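Everything on this sheet refers to the single structure shown next.
The values are calculated or read from the model by the stated rules, or taken from the named source; none is laboratory data. Bear in mind that the values here come from a model prediction, so they are computed numbers and not experimental data. For neighbour counting, all protein chains shown are included, and Cβ atoms are generated from backbone atoms with ideal geometry for every residue, glycine included. Surface accessibility is based on the protein's heavy atoms, side chains included, excluding ligands, DNA and RNA. Shrake-Rupley method; radii C 1.70, N 1.55, O 1.52, S 1.80 Å.
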Amino acid sequence: MVGALHIGVLALQGAFREHRLALESCGAKVTEIRRRPGDSACAGLENFDGIVLPGGESTVMGRLLEEEGLLEPLRDCARMGMPVYGSCAGLILMCREVEDADGSPMKQPVLGLLDARVRRNAFGRQTESFETRLDVAGAAGDMEAMFIRAPLIVSHGPDVEVLSLVDGPLGRSPAAVRQGNLLATSFHPELTADRRIHSFFLNLCLDGRKGAGSI
Ligand code: GLN
């Protein structure tokens, strides 16, 4: 069943190959998105069952999305209910507001889909990268989670469901969230062997096919 799903992985920059491999190991077909594929409202992206935004550098990815004319088509697809999953920089791109590590507002281009404000590099230099174990609701519990110069959600609206919390400089903050067809993690499940987050996302894509939930 999952084998029939076709997922687009944004491949402008960052850890897109690892997401590709993770999704393929779950049986999905994957196409890398490097440029705007067409001229319809969704620019041909509507043919995917879901889209993944990888980790990397959100300022660079946002600029490249703008240059490729992909911001609006991706927004349109997500608003029409297509499942979108973002990890780390991908999460930043999905949020409505971005702030820098010191809390000052950032003006970088983002998709602005998730009703949340995110702080880039929220763990600071001391703990730039670390691994921990987290409970993630909906993904069958406790799993290893890798954080690399990770962002944290500092505030969010009522439609954002927190699936997991992590201890950080701001207390216990969301590390995995869902808002209807949108899923985002501040950690990198594509860099560990556990495939439960990718399977969870593919199940959202299957539900999307059956016509359930959108933002
Ligand atoms: N710190 C990066 C950013 O602000 C995200 C890091 C990551 O994706 N591993 O975009």
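Okay, residues lined up against (1) over 27 Å from Glu67 (Cβ atoms); (2) aromatic (Phe, Trp, Tyr); (3) in contact with a Ser or Thr (Cβ under 7 Å, 6 or more places away or on another chain):
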site	(1), (2), (3)
Leu93	no, no, yes
Asp100	no, no, no
Met106	no, no, no
Glu131	yes, no, no
Gly138	yes, no, no
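Residues that are open to solvent by 20 Å² or more (accessible area, probe 1.4 Å) and under 21 Å from Thr185 (Cα atoms): list the strands (runs of 3 or more DSSP E) wholly contained in the stretch 1-107 that include at least 2 such residues.
By residue number, 95-99.
Would you check which residues across the stretch 165-180 are open to solvent by 10 Å² or more (accessible area, probe 1.4 Å) and of a type outside the set (A, V, I, L, M) and list them?
Scanning the stretch 165-180 gives Asp167, Gly168, Pro169, Gly171, Arg172, Pro174, Arg178, Gln179, Gly180.
Consider Arg20 carefully, then state whether it is more than 19 Å from Leu182 (Cβ to Cβ), touching a residue at least 24 places away in the same chain (Cβ under 8 Å) and of a type outside the set (S, T, N, Q).
no
Filter the stretch 181-207 for residues that are open to solvent by 30 Å² or more (accessible area, probe 1.4 Å) and away from the ligand (no atom under 16 Å from the Cβ) and give the result.
Within the stretch 181-207, Ala193, Asp194, Arg195, Arg196, Ser199, Phe200, Asn203, Asp207 meet the criteria.
Check Ser173, Ser186 and return the single one that is polar (S, T, N, Q), more than 27 Å from Leu21 (Cβ to Cβ) and touching a residue at least 40 places away in the same chain (Cβ under 8 Å).
The match here is Ser173.
Check Ser155 against each of (1) open to solvent by 20 Å² or more (accessible area, probe 1.4 Å); (2) within 16 Å of the ligand (Cβ to nearest atom) and name the one condition it does not meet.
Going through the list (1) open to solvent by 20 Å² or more (accessible area, probe 1.4 Å); (2) within 16 Å of the ligand (Cβ to nearest atom), Ser155 breaks only (2).
Can you tell me which residue in the stretch 28-68 is nearest to the ligand (Cβ to nearest atom), limited to those that are basic (Lys, Arg) and free of Cβ contacts under 8 Å to residues at least 40 places away in the same chain?
Step by step, filter the stretch 28-68, then rank; the result is Arg34.
Is it fair to say Val162 is open to solvent by 20 Å² or more (accessible area, probe 1.4 Å), more than 10 Å from the ligand (Cβ to nearest atom) and among the hydrophobic types (A, V, I, L, M, F, W, C)?
yes
I need the full set of residues from the stretch 141-193 which are assigned to a loop (DSSP other than H, G, I, E, B), closer than 18 Å to Ala116 by Cβ and of a type outside the set (Asp, Glu), in order please.
Result: Ala150, Pro151, Gly157, Pro158, Val160, Pro169, Leu170, Gly180, Asn181, Ser186, Phe187.
Please work out if Ser104 is under 30 Å from Leu170 (Cβ atoms), of a type in the set (Gly, Ala, Ser), more than 11 Å from the ligand (Cβ to nearest atom) and free of Cβ contacts under 8 Å to residues at least 24 places away in the same chain.
For Ser104, the condition - under 30 Å from Leu170 (Cβ atoms), of a type in the set (Gly, Ala, Ser), more than 11 Å from the ligand (Cβ to nearest atom) and free of Cβ contacts under 8 Å to residues at least 24 places away in the same chain - is met.
So Ala139 clears everything in (1) within 23 Å of Asn203 (Cα to Cα); (2) within 15 Å of the ligand (Cβ to nearest atom) except one condition, right? Which one?
Among (1) within 23 Å of Asn203 (Cα to Cα); (2) within 15 Å of the ligand (Cβ to nearest atom), Ala139 violates only (2).
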